[in-house]
Amino acid sequence: MPDAHIQNIDAPALVNIVEVTNDTIKLEWEDVPDADEYRAMVYESMGSDFRVIDSNRKTVSFKINQGRIVGLQPGTGYTILVQGSRKGNAGKSKAVRAWTKPNPVNADSIVSSTRVDSDANHQIDIFFDPPSIGGHDSFDLILRDPDGNWEEERNVQKSEVEFIGKYSANFVDLKPSTTYLLDIITYRGDEQTITKDVEIISDHAIPPTNLRVKRITPTSAIITFDPSPDADEFYYEVYQLVDSNDRQKQLRKRETVDRTVREILVDNLVPGSPHGMTMSSIANGIYGKRSKELNFFTQPAVVENLEVKFGTTELQVSFEPPSDGGVDYYDIIVEPTNEPGRIVDVKQIRAGEWLVWTSQTELLLPGQDYTVTVSSFAGADGENKTSKSGKMKSPPKPTLLKNFIDDRNNLRLVWEVTDKKLGPLVTYAVKIVEAGREDAVPALELDNLRQTTITRPEFDSTRPYIVSVRSKLRKIYSEGEEREIQVSSSLFPTKPTSLRDSPAPGEDNKITENLVELTDPLTSFICENSTKEVDMIFLLDSSGSVGKPNFQVMKSWMRRLISGLNIAPGRTQVSVYLYNNIFRTIFNLNEHQNAYDMITAINKMVYSGKGTRIARALQSAMSKVLIPQSGLRPNSEIYLYLLTDGKESDVADVNNMANDIKDAFGDRITLTAVGISRSVENAELYAIASAPKKDNVFLLENYRDLDTITKIAHYHAGCLRREAVYTDVDPDSFDVVISENTPDATNKPYPPIPKNLRVVEKMTPTGKKATLTAEFAKSRTKKAATEVVLEQVRTSTKEIVEIYFREEKSDSSTFDDLPLGFEYHCKVRSVHKVSRQMVYSEWKYFNNFVSLSPPAVESSDIEITEGSTTFTAAFPINGHVDFFMVEAIRQPESRGQKAIVKKVETTDPENIDDEGRFLINFNSADGIASSSTYKVKIDSFAGNQKTEKPTEFLIQTTEITARVMLTKIEENTITARVTASEGIDGIDIRVLSRLTFGDQGRVVELGDNTYKVVDLDFNGQYKITATPYTIRPNGEKNFGRSDEQPFWTPPASVDCASIDINAYATKIDLQWDPVWVTYACTNFQLENFKQCSLCFFIKMFHHVFLPNI
């Protein structure tokens, strides 16, 4: 049986926990008498009340009164029962409770994120993982600066809701660029561990913001900025951007400035160059991030040695580039000195181009003051300018040369201007007044004369006259040449056979050369002197190989050729025909008697490409053209020109038909064969042409060379001498060699292709014309020339409209008076004579084309017709415009008001009047109201180009009115006729009572502006009003001024059946039923009448009772 003493072993007293780690607990207790060993039973517990988990039990034995329990879980609660035992018998136990220390947070799991808010508040966000083994209750995060001061403490409670992968904490109001030490304390029960001295660095001081340029010069700039509040100092760098693409930088200045600085003067910059600047904030001696880069251009330096030569109609500007360079381009602006801002011309010149420019705009007025401003530009913002002012020369003063009386007793005056260049541009004003009678006899005043002579029959040859002649250029008059002249019969010249051939006695030919009269410019050519009777026939190829562009070139050539001929009865006749598979007549020899009608017919020619049938064309010419019915004259010289760029399949047919024509007309006819391109058959051309073949066979490279044939035709017409025609070609041979830049079999030298072609001058189209100058490096071969071709191309369709041709001996060619709104393409080639041949180089093309903005509508040319709700603007345009955009805005403008916009197509015949002017029409359907002022803006468009500035003008619509006239009043009905302004949409007719002011009656429209109003009251007082109106696009009515007429309706008639008559010897009593009138009397007596038979009528007119007896 057990020992009773052993059974009463007491429990240990004062069990103490001596040491706790994350996996061990060390215990001490007092010895228990009679115990030979001790046991510790360890139970894992949960929660703050240490609920025992029986399943997690372990027992540890000790020989002495202390011991260490190992192998525990970190951050775990344990209940430990300690008891003594003897010989295997356990005594009573003593319980203690304890927590193992939690594992610390792993420093490697700590992540920090620094940021600065908009108020420059520096913050740090801390993220960390909890211990991976064992439990934990909460965390304390302590952030302290390097000096050991605690800055802030954050306690992070464990929360499953807030915990998403990591725990986090936030620290604010920190210093910039500062290293902080972070401690994280992990709590479990009453135990804790610490992760210590984790370095966290706050963000750098934020950089200054909003860098901007306050002022800039060629070599300096003032930069302002918004400072950072957390900076001790600011640092900046300024550098030149040497290459904007590669971002190569050349440092110009760096400096540290105090935190109180708000603007910085940066010098030592490069003129006209891109620069960059960045700034940083310095805090705690550490440089922060760079600011956003500020890019700016310094101003370029102004040009040097600016000179302006003021002429009469042009001014020349020259200058030298700034010595410091740094200029991308220059703008030259010309404006009146007394009207700054009204630009009359502008030119842009790229750096490196020829720095000389001539303005020839028609807006330059002689004798006026102008200011020329040259601005240097670099980049998008850099600009620097200098100006020079001066006065244009006055128009040339004419000199009165001669005056005399011709054989018809007409006074003839002859004058000239010394400036021959300006002579063709000026007009003249002549004033003639009888000397001594200036106040009594009106003066004869003539203006806008083009000729330098006048012939007037009004003058008495016995009286003296004062003559004043002034030139007029661009509406500016010169000083007058005033002279008193005495014209007498002694000055009569002998009768000249021709004013052009016979001078007056005592005069030399120089004087009579000026005795010319104004002529049609189409016929103004030296061919006026030709007296030959010539019939010219042109057979033009319109086959498929020609193409539309070449067909247009051929039309332009025909216009030029015909405009230089002496077209007149008894002189030159012309006929034109087209051929391909069919033969078409454009006009016969006897169809037109002037160049204008012929050119009009040429303009209407339509291209229809088909096959080339030369033999059939010659056969048609023989049977349909060379006959009297088509205008062929019996004694005329006949010249037939056949143009082709193809070949006939049967040369024999061509030869036979050509021989038939030659046989029929013999020496009277000359056949000229013109082949264009290398695809023609030379044998055909020789078969067609008359002898000598060298004079009548021509091989051209392309259609743009047709002006060679113009000279030949003028020679045939008697306009030019033979040597004049063959000045630039060998008269013994018209063979043409096209250069391939390699010698041919004969090893003939070829001219080199011209180099460096560029269009260096362009007059900005602020006037009505433009000027382009082509420059090139010409061949230096002796006697070599350069052919220059400028093609005028319609921008929208790319159709060639006109071709300009020059043959130059110099290195440039200028084309004046070019219409605006077109593209211009340029090409050049060298030409010179080698042996007996004309040799050409290949063409050198200008890589780009010059696109001129369309011409603006000139305000002075606009003719405005205004109506009540309509207006029409008519104006001419000198150039090409595809369409106009017109905007009409009612004045004064109000907020939200919409403009009336209309697109006017120039190809629509409805938009062109009989004089060829363009029309812009607005009416009430467009929203035009009466009695209103509108500002009208017109923009011209050609292709994708438009005028730089719209043309603006004001119009005032008139008031719409109406007039009403009463034509008939009967009983309770009236009839009225109304007349109103034109352009109205309707008339509002109302009848109002003058007593109640309400609407009365019913209005019926009878047509022809006549209205009937029925259902009125008898004996009523009314007025009728007529108000015209137009209807706006939104349906609202726009009313005009009303007219009104007052009237009375008559009273109702008395019913005869109601009349009661009592006749007495000397009186008659009358009574009747009343009717509705303003007032009435129903009783009337006639006294002192003799007995008789009575016939009477009763009438009531507006209050008046008139009996008729």
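Since every read-out is calculated from the coordinates, none of them should be taken as a lab result. Since we're looking at a predicted model, the values are computed, not measured. Cβ placement follows ideal geometry from the backbone for every residue including glycine, while neighbour counts extend to all protein chains displayed.
See the values below:
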item: Rounded if a/c under 1.5, otherwise prolate or oblate - segment 526-734, Cα gyration tensor axes; result: rounded
item: Centroid-to-centroid separation of segment 947-1004 and segment 599-644 [C-alpha atoms, Å]; result: 65
item: Among the listed pairs Lys968/Lys1023; Lys58/Lys87; Lys555/Lys778; Lys347/Lys397; Lys393/Lys475; Lys347/Lys769, those beyond 19 Å (Cα-Cα); result: Lys58/Lys87; Lys555/Lys778; Lys347/Lys397
item: Cα gyration tensor shape of segment 4-99, rounded if a/c is under 1.5, else prolate or oblate by comparing a/b with b/c; result: prolate
item: Under-5 Å amide H pairs with Asn170, H placed in peptide plane, nonlocal only; result: Ile126
item: Part-to-part distance (alpha-carbon centres) for segment 299-328 and segment 654-695, which is given in Å; result: 60
item: Stretchable slack from Thr872 to Thr797, in nm (0.36 nm times residue separation minus alpha-carbon distance); result: 24.0 nm
item: Packing-based order for 949-957, 901-909, using average beta carbon neighbours within 10 Å, highest first; result: 949-957, 901-909
item: Computed log₁₀ I(q)/I(0) - Debye formula, equal Cα scatterers, no solvent, segment 962-1048, q 0.13, 0.15, 0.20, 0.22 Å⁻¹; result: -0.41, -0.54, -0.89, -1.04
item: Long-range amide H partners of Gly189 with built H, under 5 Å; result: Asp137
item: Local electrostatic count, Ile264, Cβ distance below 14 Å [Lys/Arg +1, Asp/Glu -1]; result: +1
item: Peptide ranges 299-312, 599-612 listed from the most packed, as the mean C-beta count within 10 angstrom indicates; result: 299-312, 599-612
item: Pairs of Cα atoms farther than 22 Å apart, segment 859-948, %; result: 28
item: Most to least packed among 921-931, 58-68 [average Cβ atoms within 10 Å]; result: 921-931, 58-68
item: Leading residue at positive end of dipole, segment 49-131 (Cβ point charges), from Leu81, Asn103, Ile126; result: Leu81
item: Around Asn972: net Lys/Arg minus Asp/Glu count, Cβ-Cβ under 9 Å; result: -4
